[in-house]
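The values are calculated or read from the model by the stated rules, or taken from the named source; none is laboratory data. These numbers come from a predicted model, not from an experiment. Cβ sites come from the backbone with ideal geometry, for glycine too, and all protein chains shown count toward neighbours.
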Amino acid sequence: MRIWHVLIVGGLLLSVAACAGGEESRARAAGGLGAVSGEPRHETRRPSPSPPPSPPPPRDIDCDQVKCVSLTFDDGPGEHTGRLLDTLKAAGVRATFFMLGEMVREHPDIARRMVLEGHEVANHTWSHQNLTGLSAAGVRSQIERTQKAVKDATGVEPTLMRPPYGATDEHVGRAVGMPQILWSVDTLDWRHRSLARNTKVGVNEPVNGDIVLYHDIHEPTVDSIPKVVEGLKERGFTLVTVTEMFQGEKLEPGVTYTGRADEAAQLAGDPPPSGSPAGPPEAITTESR
Ligand SMILES: [Zn+2]
């Protein structure tokens, strides 16, 4: 091989350079002596790059025919979300993540992993403000910044949103311009922080078509999910994303949905949340209802 021939002629110094710098240094050293001028460069075979991973195809699940439940996780992604994804992957089930834009910015790889493992990524605003207290422009900013953060991280633009605290009204509905997904089973995991309670409620309370609210930023919640999934499977449930739950139904922008069992319900006129919209950072860890 020509490269080794040149190294021998060039002596010790070139040999050292070749060892330290690898292929590029060797080529440069050899070229510097003019020894390979006009000759093809020494080539190393590189494996051809594997195609980027892509999300699994959508599933065709008819929740009129099988018993469905949607587990939803809010306010992340956070430090425990990777472990939750491990649990869901091991169990072969899919969930929906209503994420904060500011958290997606912190953990873009986790958000990307959600999509690659078949989960639904959805919009929970940028910074968990009570949208009923914002101007239309303020609401739109909370939504659009998050849409962009999720798209940048995952390649997917959410089609569903959940207003923080479940707080919404006609003004918010018009401004968000997306279906608003609430829940029909509130585990209150943020309040009790109890593995046992999370498990009991998550396994026993859901009925067909329910949407269950959890928060993946809390460790006891993530700890409880293996048993929750196991218990729901034993009860005959198929665990689906929210979009899978509503397959075949057109979800309208601005309208609020709490589960498949219920007719779409406008919650205009609901009382405001008890949490302060401009409260301390802990407010981010709670839903008031
Ligand atoms: Zn929330």
task = Take residue 60 and decide whether it is exposed (fewer than 13 other Cβ atoms within 10 Å of the Cβ), at pLDDT below 95 and not hydrophobic (A, V, I, L, M, F, W, C).
result = yes
message = So in the stretch 146-175, with the set limited to residues that are more than 16 Å from the ligand (Cβ to nearest atom) and charged (D, E, K, R), which one is surrounded by the most Cβ atoms within 10 Å (Cβ to Cβ)?
response = 169
message = So for the stretch 246-262 (the condition being more than 28 Å from residue 175 (Cβ to Cβ) and either of a type in the set (S, T, N, Q) or surrounded by 19 or more Cβ atoms within 10 Å (Cβ to Cβ) (or both)), does at least one residue qualify?
response = no
Members of the stretch 107-139 that are part of a helix (DSSP H, G or I) and in contact with a Leu (Cβ under 9 Å, 6 or more places away or on another chain) = 110, 113, 114, 138, 139
query = What do you reckon, is residue 236 touching a Gly at 6+ places or on another chain (Cβ under 8 Å), at pLDDT 95 or above and away from the ligand (no atom under 16 Å from the Cβ)?
reply = no
request  = Name the one entry in 94, 140 that is more than 16 Å from the ligand (Cβ to nearest atom) and over 13 Å from the mean Cα position of the chain (by Cα).
outcome  = 140
ask   = Under 6 Å by Cβ, and 6 or more places apart or on different chains, what pairs join a residue from the stretch 251-267 that is farther than 19 Å from residue 240 by Cα with one that is at pLDDT 50 or above and surrounded by fewer than 20 Cβ atoms within 10 Å (Cβ to Cβ)?
value = 253/177; 254/174
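Looking only at the stretch 71-83, count every residue that is outside any loop (DSSP other than H, G, I, E, B) and within 16 Å of the ligand (Cβ to nearest atom) and tell me the total.
Initial filter on the stretch 71-83 (outside any loop (DSSP other than H, G, I, E, B)): 71-74, 81-83.
Among the residues that remain, those that are also within 16 Å of the ligand (Cβ to nearest atom) are: 71-74, 81.
Of the residues in that region, 5 qualify.
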